[in-house]
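Quick notes on the structure that follows.
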Amino acid sequence: MHPHIDLIQKFYTAFQNRDSKQMAICYHPNARFSDPVFPQLYGAELIGGMWRMLCESGTDLVITFKDVRADDEIGSAHWEATYTFAGEHQVHNIIQAQFRFEKGLIMEHHDQFNFWRWSRMALGVPGYFLGWTNFLQKQVQRQARRRLENFLHAG
């Protein structure tokens with residue numbers, strides 16, 4: 001098995017176990033992460049903080065992953081997350097991850113999912129009617145970033 005396949009499997013296994021410390025050590029110190037909610041996170045510390053926040057707040061979080069592929073430079077995986085959002089909305093998010101590696105660690109990690117589909121589950125009626133708009137996505141991004149910053153400053 002290629003070492004980068006092992007790295008991705010280690011990452012998602014740690015996520016399944018809500019072990020954000022093990023997740024964070026999979027990243028290069030200068031890593032970059034993006035997804036539709038957190039579009040620009042730079043540095044293993046900030047990215048690790050995001051995973052720690054999600055692991056600690058996701059009390060009913062269930063992660064599955066499959067189709068892990070990787071070579072010397074790039075990799076990918078399919079993963080799914082089921083959880084309760086904001087204490088009331090059940091979410092089943094389907095994500096496709098793309099990775100770029102450097103020195104045996106994740107340098108770039110890009111998760112892609114359908115924001116409108118996610119927003120309908122996570123936000124209910126507002127997500128159904130506005131989830132396809134740039135306005136709502138930007139608002140969710142600002143709130144998520146503020147939540148992350150508050151979480152990091154509190155801990």
field: Residue that is surrounded by the most Cβ atoms within 10 Å (Cβ to Cβ), among those in the stretch 56-101 that are among the hydroxyl-bearing types (Ser, Thr, Tyr) and under 28 Å from residue 154 (Cα atoms)
entry: 83
field: Single residue of 69, 100, 52, 117 found to be at negative phi, of a type in the set (Lys, Arg) and under 13 Å from the mean Cα position of the chain (by Cα)
entry: 52
task: Provide a single number: the residues in the stretch 108-133 that are at pLDDT below 95, hydrophobic (A, V, I, L, M, F, W, C) and touching a helix residue (DSSP H, G or I) at 6+ places or on another chain (Cβ under 6 Å).
output: 2
field: Every residue from the stretch 59-78 that is over 14 Å from residue 17 (Cβ atoms) and assigned to a strand (DSSP E or B)
entry: 66, 67, 68, 69, 70, 74, 75, 76, 77, 78
query: In the stretch 18-57, what residues are of a type in the set (S, T, N, Q), closer than 22 Å to residue 67 by Cβ and touching a helix residue (DSSP H, G or I) at 6+ places or on another chain (Cβ under 9 Å)?
result: 22
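The values are calculated or read from the model by the stated rules, or taken from the named source; none is laboratory data. No experiment lies behind these values; they were computed from the predicted model shown. FYI the Cβ positions are ideal-geometry reconstructions off the backbone, even for glycines, and counts take in every protein chain you see.
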